[in-house]
Amino acid sequence: MASSKFPERPTLPTKEQFDLCFAETLDAQVEAMKQGKRPFVALLIGPDNRTVLLKHFSISHVDHAEASLARLAAIHYTQEYLWTCALYSSWEPCAMCAATCYWANIGRVVYAARETELLQLTGEGNEENMTLNIPCREIFAKGQKDIQVIGPVEKWEKHTVELSDKYWRPIRENKMA
Ligand SMILES: [Zn+2]
């Protein structure tokens, strides 16, 4: 039986809802990049698997999109409600962001591209992003909540990598020069 902080989870998104949410996520990343932000973005999707409740760009190397969104979500919504919501992100949340989703009690995390791909894109030793090589599932596995994780998703991972490379390529090449 579900306890108060862990109500029944809503149904999984349909393929159509899933694609619409990812399309919104990638659109938000395009917008973030136009604004000169780093190529990361996170959306909070409601229990209907469709409504965008909140959106966040990356603020800085310490205020990542996903953790910032999870903190904002915890201000706006109850833990009970957040358990029925999903955080969508273009990139797999890092250890800090996964842990913040855990503390905010967001019940589902959906991401397009895996963190190992990000390391490929940024290049090793990139001071702009010293990627932490820890899958978010490993963080959640250490917790006491059954947070659902969906990702990587091949079709959307490809889009995410191509889009994000527009930001990372010049930095990577400049470093190699
Ligand atoms: Zn992060």
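The values are calculated or read from the model by the stated rules, or taken from the named source; none is laboratory data. Here the structure is a predicted model, which means the values were calculated and not measured. Because the Cβ atoms are built from the backbone with ideal geometry, glycine has one as well, and the counts that use them run over all protein chains shown. The accessibility values were calculated without ligands, DNA or RNA, using every heavy atom of the protein model including side chains. Shrake-Rupley method; radii C 1.70, N 1.55, O 1.52, S 1.80 Å.
Of note:
- Qualifying residues in the range 164-177 (those that are touching a Ser or Thr at 6+ places or on another chain (Cβ under 8 Å) and not aromatic (Phe, Trp, Tyr)) - the one surrounded by the most Cβ atoms within 10 Å (Cβ to Cβ): 164
- Single residue of the range 87-100 satisfying the filter (surrounded by 24 or more Cβ atoms within 10 Å (Cβ to Cβ) and not hydroxyl-bearing (Ser, Thr, Tyr)) that is nearest to the ligand (Cβ to nearest atom): 97
- Checking 123, 107 one by one, the residue that is away from the ligand (no atom under 12 Å from the Cβ) and open to solvent by less than 10 Å² (accessible area, probe 1.4 Å) is 107 and no other.
- Residue list for the range 133-177, filter: among the charged types (D, E, K, R) and under 26 Å from residue 83 (Cβ atoms): 137, 138, 142, 145, 146
- Test result for residue 146, among the charged types (D, E, K, R) and either under 21 Å from residue 23 (Cα atoms) or surrounded by 24 or more Cβ atoms within 10 Å (Cβ to Cβ) (or both): no
- Condition met for residue 38 (within 16 Å of the ligand (Cβ to nearest atom), assigned to a helix (DSSP H, G or I) and either modelled with pLDDT of 95 or more or buried (at least 19 other Cβ atoms within 10 Å of the Cβ) (or both)): no
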